[in-house]
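The values are calculated or read from the model by the stated rules, or taken from the named source; none is laboratory data. Not measured: the values here are computed from a predicted model. Here the Cβ positions follow ideal geometry from the backbone for every residue, glycine too, while neighbour counts run over all protein chains shown. Calculation scope for accessible area: heavy atoms of the full protein, side chains included, ligands and nucleic acids excluded. Shrake-Rupley method; radii C 1.70, N 1.55, O 1.52, S 1.80 Å.
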Amino acid sequence: RLRREAAEYYQGHRVPERMEEALNTLFPLCPGDLYGELANYFSKFSKAPVICKLVGRKVLDGVGQPTLEVEVYCTVKNYEKRICSIIIASHSQIPENTLPETIEADEKERKDSIHTAVEWVNESLNTMLRDLESTDQCQADKMLGEYFANKVEEKREIQRREEEEAAKLTPAPASCPPTPVPKQKKGGRPVKKVLVEENPIPPAEPAEPVLCGSLAIGGTSLAIAKAGAIISCVPLYLYIALLKQDQESPKEMTLPLPMVTLLSCEKNLPTKLKLVKEVMLIPPTELSLKQGIERIQDIQKEMTRLLESSGKLPGPQADSKKGKTQSSGKKAPPPSLKRISHLGCLITGYDNLEQLLLLMQTACKNIGLELGTDIYLAINCAAHELMDYDKGKYEILTGTFKSPDEMVAMYVEMINNFPFIMALIDPLRKEDREQWRSICCALGSKCYLIAEDAATQISKLKADQNINIAMCSGVVLKYINQTKVSDLIELTGILHGQRHITILGSPDGESLDESLVDLAVGLGARFLKLGGLSRGERVAKYNRLLAIEEELAAHGTLREAKLEFIDFAGESQPEEQLPDVLPAPEQD
């Protein structure tokens, strides 16, 4: 009886038939590892791996701040197997020169958020996503989105109840009699009305609220995508491209151009220039990525030499007390350790913009390169950190203020004088919409005008494609908080339909996780903003980008990137003249 049941069981699963097929198929091949080939042959008939466990834990990012790691375990051929893990980068919206108590409150909020995120992953999300196929990204993101929406609603309900209770406990204010208006004396002079000048600038929009624990959503979504790529035996960038193109394999892929940060001009330095936060180098498209990185390294070495010789950077053996070089036999520590920011670039300051740009030109000229031909510049202005709300103007130099309209005129003059500047990031606050329109009309055909902080509303585009965001050439997207992989795919599609370019940016608190690079390549981003060529967590991503270039070139699927305005002849680029209110993309 047992033998009969066994025969029926195996015949019901077509085991004898498939065994015969396998033996007949493999015999002519005579493989060296017969059992390995048999295992490969039968593996295509096994069940798809499903998620069996998620593990969340608190880890440290590249600047020592707590962040979230998510591990994915799947049931593969009846056994639990660890597939992968990701570390989601933390991001802080705290600007420079922030009060210590604000920084302390932000650190406490971050710790609470990480603690909550770990709980969500290990408890609710672990239970909710169990037995889901690791390759079903759409369903995973749908479930994560619904879970997050419920958490947001819970938070609102708690706040509503707290407000109601507070209103009950607060006594009603006593009614005050109206203040009598003094009558003008007969024959007296009329009182002159004092006109108070209203602040002409729009007030700063409040920062988007971040729900405590939201990192769990973004981290879990990206971890599942990475697991799906591993299970499917394809690299993550190709897996993302397949998700974006509905499983249609792309014939060619373009690498994003790197925006490599060379200098960090921090606004709290004693020097006068405040307009520039980062100076970035962009290699020309005709170079391979490897050649471009090597060229940028040469410029960085020459800039370091010039800065040290001019006293902008400390020398390797400078005596800070006597101003003389030390003559002791002890070797001084590498000076680079003292002047590299968390972005992986040199920290320095200047008294004016021309001084900075002319030094850049000198550095390039010294090694036989020309700005605007052999290399291009991008400048992160971070204008939202420059606004003096009492004066209603931007402080571009210490004690020098400009109105939003004056800022536009200044940028027009800057690009006309220095046409090798390919991109300006956050040249204005997001609230200065009229000036964004003006600067786009004036400079849109000569350089990219990119919104980073000014693109905070971009997250709302998914819900309302007619949302009124400031006119710009493109936006910087960051994979943070509750952002899901499906969100990025949808957003980049919408932005491309509206003729915006997409830049994927690295958050402040980076880790060694390289997934951001694969996301940028798979999504078809135009630029990738990773920071400088120092610090392990930054360099790891550049190394990943170089590896992807080699892989695509080996398969013959690497296509050269093209920039519409690479010839700065001032020709009008109609695709960059975007409507202030974005129309909804056409439906297929």
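At-a-glance table
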quantity	calculated
Restricting the range 241-266 to residues that are over 22 Å from Ala547 (Cα atoms), in contact with a Gly (Cβ under 9 Å, 6 or more places away or on another chain) and assigned to a loop (DSSP other than H, G, I, E, B), the residue that is least open to solvent (accessible area, probe 1.4 Å)	Cys265
Pair list, Cβ < 8 Å and 6+ apart or interchain, from the range 397-414 residues that are farther than 20 Å from Arg433 by Cα to residues that are assigned to a helix (DSSP H, G or I)	Met414/Leu353
Among residues of the range 281-298, those that are touching a helix residue (DSSP H, G or I) at 6+ places or on another chain (Cβ under 8 Å) and either more than 10 Å from Asp374 (Cα to Cα) or open to solvent by 20 Å² or more (accessible area, probe 1.4 Å) (or both), counted	6
Strands (runs of 3 or more DSSP E) lying entirely in the range 367-450 (those with 1 or more residues that are within 26 Å of Ile296 (Cβ to Cβ))	376-380, 421-425
So Gly556, is it modelled with pLDDT of 50 or more and either of a type in the set (A, V, I, L, M, F, W, C) or farther than 24 Å from Gly505 by Cβ (or both)	yes
Of residues in the range 343-366 being of a type in the set (S, T, N, Q) and in a loop (DSSP other than H, G, I, E, B), the one surrounded by the fewest Cβ atoms within 10 Å (Cβ to Cβ)	Asn352
Residue match in the range 226-233 (condition: within 18 Å of Arg559 (Cα to Cα), part of a loop (DSSP other than H, G, I, E, B) and open to solvent by 40 Å² or more (accessible area, probe 1.4 Å))	no
Glu413 being out of contact with any Pro (no Cβ under 8 Å at 6 or more places or on another chain), assigned by the TED database to the domain that holds Lys272 and surrounded by fewer than 15 Cβ atoms within 10 Å (Cβ to Cβ)	yes
Residues (part of a helix (DSSP H, G or I) and under 16 Å from the mean Cα position of the chain (by Cα)) located in the range 491-522	Leu491, Thr492, Leu495, Ser515, Leu516, Val517, Asp518, Leu519, Ala520, Val521, Gly522
Residue in the range 325-342 that is modelled with the highest pLDDT, counting only those that are open to solvent by less than 70 Å² (accessible area, probe 1.4 Å) and among the polar types (S, T, N, Q)	Ser341
Check on Met259, more than 28 Å from Leu369 (Cα to Cα) and at pLDDT 85 or above	no
Filter result for Ala89 (open to solvent by 30 Å² or more (accessible area, probe 1.4 Å), in contact (Cβ under 8 Å) with a residue 60 or more places away in the chain and small (Gly, Ala, Ser))	no
Hey, Val210 part of a loop (DSSP other than H, G, I, E, B) and modelled with pLDDT of 80 or more or not	yes
Matching residues, the range 377-410, being open to solvent by less than 60 Å² (accessible area, probe 1.4 Å) and β-branched (Val, Ile, Thr)	Ile379, Ile396, Thr400, Val408
Scope the range 55-76; condition of a type in the set (Val, Ile, Thr) and open to solvent by less than 20 Å² (accessible area, probe 1.4 Å); matching residues	Thr67, Val70, Val72
Residue under evaluation Lys108, criteria (1) at pLDDT below 90; (2) under 30 Å from Val72 (Cα atoms); (3) open to solvent by less than 90 Å² (accessible area, probe 1.4 Å), criterion not met	(3)
Enumeration of residues in the range 335-385 that are of a type in the set (Lys, Arg) and either in contact (Cβ under 8 Å) with a residue 40 or more places away in the chain or out of contact with any Ser or Thr (no Cβ under 8 Å at 6 or more places or on another chain) (or both)	Lys338, Lys365
Test result for Tyr147, surrounded by 17 or more Cβ atoms within 10 Å (Cβ to Cβ), at negative phi and aromatic (Phe, Trp, Tyr)	yes
Qualifying positions in the range 517-528 - touching a Leu at 6+ places or on another chain (Cβ under 8 Å), more than 14 Å from Pro283 (Cβ to Cβ) and not acidic (Asp, Glu)	Val517, Leu519, Ala520, Val521, Gly522, Leu523, Ala525
Selection count where residues are of a type outside the set (Ser, Thr, Tyr) and not in a helix (DSSP H, G or I), scope the range 135-164	1
